[in-house]
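What follows draws every value from the coordinates through simple rules; no lab data is involved. Quick caveat: nothing in here was measured; it's all calculated off a predicted structure. Here the Cβ positions follow ideal geometry from the backbone for every residue, glycine too, while neighbour counts run over all protein chains shown.
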Amino acid sequence: MTHLYFTGFDCLGCRTAYAPDQDLLLCPRCHHLLEARYDLARFGREVDRDALARRPAGVWRWRELLPVLDPTRIVTLGEGGTPFLRSERLARACGVRELWLKSDAANPTGSLKDRSITVSATKAMEFGYDVLSCASTGNKASSTAAYAARAGLRSVVFCPKDTPVPKMAQAVFFGARLIRVDGHYSQINAMYRKLIGSGRVKWYDCGTDNPFRYEGKKTYAYEIAQDLGWRVPDRVLHPCAGGMSLVKTWKGFNELRTLGWIDGLPKMTAVQAARCAPIVESWKKGLPRVEPVEKQPTIASAVAAADPGLLGDQTLAAVRASDGDGLAVEEAEILEAVRLLAQEGLMIEPSGAVTVAAVRRGVQDGLIDRGESVVCVLTGSGFKDFDRILDLVEIPRQIVSGYEAMLAEAERI
Ligand SMILES: Cc1ncc(COP(=O)(O)O)c(C=O)c1O
Ligand SMILES: [Zn+2]
């Protein structure tokens, strides 16, 4: 197929190479993560970046750099191509020269997960599965359910029992079989992976082992670079659970540089809630691998992965390779970031707003230079964790009746 630049996978552990048409999760030999490979040299000769820019915006604008074999049969809800907004006010509030917001709350199901689940749903169709599944803190579950519905497939999702109700409702609304499980996300994900590995079910795993799915997240880099006119920001901050979104964004920037479409790379900054920050703590200690932590309850529930495992190790490596940082933010700082974003007209769930809190903290701690241009990725809509938004507002109890009362109220303002 002439338009196929995806050439297969390489194992990050034993370096075994796999063909592009294989149905794979972790490396069958050593159970390490797999990394998709592309013929970037040929792609660079045959595809022009300005021609790509004329296609409809979204994840599939970049289809040649995604691991699909038949780009005419993709499962899409119109994901990606999300708003990229400059904020002078937030730049001042955080103390940096230039601040951009990349709002993935605008995705079809309201979170970043749509960027990657569109790819896994497409692969499920290619491989002939009937059911999509995952373990999730909620966003991946609702995205998986939506794309399964779109593809005419069924879905099964496993979530911690205290997952925000809107996320569970969304998954059920789209027809998922929701299984609420006792314990926190990393524990549930470990049991879920065992279940998939047991071979007792024949579901397409849209979870943390799926190497096709993750490639969708690279499109952040393509969109940010393109929206900046192929200029590279000094720093990109991303909320991290396992950290794969950050790792793939880093991969995306590296691909663009290999293609010669950009001439530098940003520092990647991993952001977590201080109450569950294994990646950031391990980065601060200079460890080569992520040490699990005891999870404390946090309002940033979507990014609270106490034991990110191999994904976390990759995240550490990407942060180091980019000369970036790890930043942990306190609960009060996260809520303040949610409030600051409200002043920009953006309603972002606490987990998705940690990056704004982190810029402030990073500047105060001297990790982020005031002269930098930074991009804060915002990863989920406030509708997804709506109780947290309700906590921040007071809806008037008083009800006025009739024109005179309205006028009286108006004149008091
Ligand atoms: C709102 C939000 N932001 C960020 C992430 C982090 O994604 P990753 O697991 O790639 O670090 C998640 C994952 O669930 C999420 O729901
Ligand atoms: Zn291997």
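Select from G8, P160, G345 the residue farthest towards the positive end of the dipole of the chain; place +1 on Cβ of Lys and Arg, -1 on Cβ of Asp and Glu, and compute about the Cα centre.
Farthest along the dipole direction, towards plus: G8.
Would you mind estimating how fast the stretch 304-413 diffuses translationally, via Stokes-Einstein at 10 °C and 1.306 mPa s with the Kirkwood radius over Cα pairs, in µm²/s? Don't skip to the end; give the middle numbers.
Working: Rh = 17.0 Å.
Once the numbers are plugged in, D ends up at 93 µm²/s.
For E88 and R200, calculate 0.36 nm times their separation in residues minus their Cα-Cα distance, and state this gained length in nm to one decimal.
Taking E88 through R200 to full extension adds about 34.9 nm, to one decimal.
Percent of alpha carbon pairs in the chain separated by more than 42 Å? Write out the running numbers ahead of the final one.
On the way: 9162 of 85078 pairs.
Roughly 11 percent, once rounded to a whole number.
Any idea what the dipole of the stretch 177-321 comes to, in debye rounded to 20, about its Cα centre with Lys/Arg Cβ at +1 and Asp/Glu Cβ at -1?
260 debye
Looking at the stretch 1-109, which trypsin sites (Lys or Arg not before Pro) are in a loop (DSSP not H, G, I, E or B) and have at most 15 other Cβ atoms within 10 Å? Working shown, then result.
Working: sites: R15, R29, R37, R42, R45, R49, R54, R61, R63, R73, R86, R89, R92, R97, K102; in loops: R15, R29, R54, R73, R97.
Answer by residue number: R15, R29, R54, R73, R97.
Pick out, in residue order, every one of the trypsin sites (Lys or Arg not before Pro) in the stretch 236-299 that is DSSP loop and has at most 16 other C-beta atoms within 10 Å; say none if there are none.
R289
Hand me the trypsin sites (Lys or Arg not before Pro) from the stretch 345-406 located in a DSSP loop with no more than 12 other Cβ atoms within 10 Å, in residue order please.
R370, R397
Can you compute the FRET efficiency between A53 and R15 using 1/(1 + (r/R0)^6), with r the Cβ-Cβ distance and R0 = 41 Å? Round to the nearest 0.05.
It comes to 0.70.
So how tilted is helix 403-412 from the main axis of the chain? Cα-based, degrees 0 to 90, rounded to 10.
The angle comes out at about 90 degrees.
Want the number for L69 to R42: 0.36 nm per residue separation, take away the alpha-carbon distance, what's left?
This chain segment gains 8.0 nm when fully extended.
Towards the positive end of the charge dipole of the stretch 1-77, with charges on Cβ (+1 Lys, Arg; -1 Asp, Glu), say which of L24, P56, A41 has the farthest Cα.
P56
Given a cut-off of under 8 Å on Cα pairs at least six residues apart, what relative contact order in percent is computed for the chain? It would help to have the intermediate numbers written out before the result.
Values: 847 pairs, mean separation 66.4, N = 413.
In percent, rounded to a whole number, it is 16.
About its Cα centre, what dipole magnitude does the chain give when the only charges are +1 on Lys and Arg Cβ and -1 on Asp and Glu Cβ, stated in debye to the nearest 20?
Details: 53 positive and 50 negative charges, 170 e Å.
The calculation lands at about 820 debye.
In degrees from 0 to 90, rounded to the nearest 10, what is the angle of the helix 350-364 Cα long axis to the longest principal axis of the chain?
Taking the Cα atoms of the chain, the angle to 350-364 is about 80 degrees.
For the stretch 219-321, report the translational diffusion coefficient in µm²/s to the nearest whole number, using Stokes-Einstein at 37 °C, 0.692 mPa s, and a Kirkwood Rh over Cα pairs.
After rounding, the answer is 235 µm²/s.
Need one number: nm distance between label points at M406 and R231, each 7 Å from Cα along Cα→Cβ, rounded to one decimal.
4.7 nm
Might you report the magnitude of the Cβ-based charge dipole of the stretch 261-335 about its Cα centre, with Lys and Arg at +1 and Asp and Glu at -1, to the nearest 20 debye?
140 debye
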